[in-house]
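Okay, structure first, notes after.
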Amino acid sequence: MGEFVKKMHIVFTYISSCKIWLISMICVDVLFLFFAWVAYPGDLLKLAGLMLFVILSAFIIPLTLIIRKHKQENIAFQSFLLEPDETNEYLLSEVVSPSLRPYVHELGQCLREKQAEIEARNIQVTDYEYYIENWVHEIKKPLSLMTLLLDNRKDEISPRVHTRMLYARDHIKQDVEQILYFSRLGAVHKDYYWEPLSINNICKEAVTDNSTLLDEAGFQIEYSDEDYFVVSDQKGLMFILGQIISNSVKYSDEKTTPLLRFEVKENTDTQQIILSINDNGLGIPPSDLPFIFDKGFTGDTGSYLSRSTGMGLYLVQKMADDLNIRVHVQSHNLGYDKGTAFSLIFPKISDYREG
């Protein structure tokens, strides 16, 4: 039924395009019918039937030829758009009117030039991504060596210098992870490994990985008494938590003791598991909240986000989308005078709750 309606719509479109020609023919036939009525009133019905047959033949046959020609033009044009090479350009030129052939040739040249530019850009992007991924893997070698030296030669370094070196190392590791995950955003195949994960265990592991940053800032860490299991990718979830923890460290308030609290609960109405990461830092201005996940957004001067590159939360949102996690951010009015709460909302797959 839908195909029939579509065909009828095409036919009516062609008829509409020929309406001036059709109206002219009807007017001429009406005039001839008038003359026939004056000259041969007894044969009017016969003459009217003959004229109706002639007008239908004169209209239907050309309309059929026009529809067939337009179909050929459409097929040739679609092939030309998919592959605007010289062969398809020639085939399209053969079915269109001679007046349009110069435009087809000009369009073909333009499309081929643009296609060559796109292919060159794609090669450049591919080479750049390959270089970045290799650079990330290469930079991990000196970072591993740095970790080895800091662990084995701790007695030879003053405690303050050792702490600062660990702090710098962890900052570099986070920046490297950002680059690596950003380079993988456009990958067709992503190596996610889905498994049931304890939220509390993942949070504690993320805190351990960022312990140098948290200790340097003097953070107090609190965990929820309850624990739930979610099905997710451990590396991706660790990256999200690491970026959120890093933001809490960057925007902690030096006037108060920094606090980071992990709370997990179940929403039985929506069948969701919600992990909230709350801090008592500087908070996010309400004007910045709608834009914090935009790439490169750093907020107004002096705001919560003005010290960042604008990539961390952008990558958090992209990774969360891949892992089917919804991210909600709330700032201020959190039980403190200020602060930020990131909520990671997971779909509840199975009841993995720990007793």
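The values are calculated or read from the model by the stated rules, or taken from the named source; none is laboratory data. Owing to the predicted nature of the structure, the values given are computational and were not obtained by experimental measurement. Note: ideal-geometry Cβ built from the backbone for every residue, glycine included; neighbour counts use all protein chains shown. Please note that ligands, DNA and RNA were not included when accessible areas were found on the heavy atoms of the full protein model with its side chains. Shrake-Rupley method; radii C 1.70, N 1.55, O 1.52, S 1.80 Å.
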May I ask you to list the residues in the stretch 156-207 that are of a type in the set (S, T, N, Q), more than 16 Å from residue 134 (Cα to Cα) and at pLDDT below 90? 158, 163, 174
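Here is a check on your reading of the model: is residue 202 part of a helix (DSSP H, G or I), among the β-branched types (Val, Ile, Thr), open to solvent by less than 70 Å² (accessible area, probe 1.4 Å) and in contact with a strand residue (DSSP E or B) (Cβ under 9 Å, 6 or more places away or on another chain)? Walk me through how you get there before you give the answer.
Details: part of a helix (DSSP H, G or I): yes; among the β-branched types (Val, Ile, Thr): yes; open to solvent by less than 70 Å² (accessible area, probe 1.4 Å): yes; in contact with a strand residue (DSSP E or B) (Cβ under 9 Å, 6 or more places away or on another chain): yes.
Considered against the rule, which asks whether it is part of a helix (DSSP H, G or I), among the β-branched types (Val, Ile, Thr), open to solvent by less than 70 Å² (accessible area, probe 1.4 Å) and in contact with a strand residue (DSSP E or B) (Cβ under 9 Å, 6 or more places away or on another chain), residue 202 comes out as yes.
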So, of the residues in the stretch 154-174 that are closer than 13 Å to residue 216 by Cβ and touching an Asp or Glu at 6+ places or on another chain (Cβ under 9 Å), which turns out to be least open to solvent (accessible area, probe 1.4 Å)? 170
Checking the structure you have, find out if any residue of the stretch 212-227 is surrounded by 21 or more Cβ atoms within 10 Å (Cβ to Cβ), closer than 12 Å to residue 275 by Cβ, touching a Phe, Trp or Tyr at 6+ places or on another chain (Cβ under 9 Å) and touching a residue at least 40 places away in the same chain (Cβ under 8 Å). no
Of everything in the stretch 246-293 that's at pLDDT below 85 and of a type in the set (Asp, Glu), which residue is nearest to residue 325 (Cα to Cα)? 288
Residue 177 is checked against (1) open to solvent by 80 Å² or more (accessible area, probe 1.4 Å); (2) acidic (Asp, Glu); (3) part of a helix (DSSP H, G or I) and fails just one. What number does that condition carry? (1)
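Considering 171, 137, which residue is in contact (Cβ under 8 Å) with a residue 12 or more places away in the chain and part of a helix (DSSP H, G or I)? Spell out the reasoning first.
Numbers: 137 fails: in contact (Cβ under 8 Å) with a residue 12 or more places away in the chain.
Result: 171 is the single residue among 171, 137 that is in contact (Cβ under 8 Å) with a residue 12 or more places away in the chain and part of a helix (DSSP H, G or I).
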Could you check, for the stretch 11-22, whether at least one of its residues is part of a helix (DSSP H, G or I), open to solvent by 80 Å² or more (accessible area, probe 1.4 Å) and at pLDDT 75 or above? yes
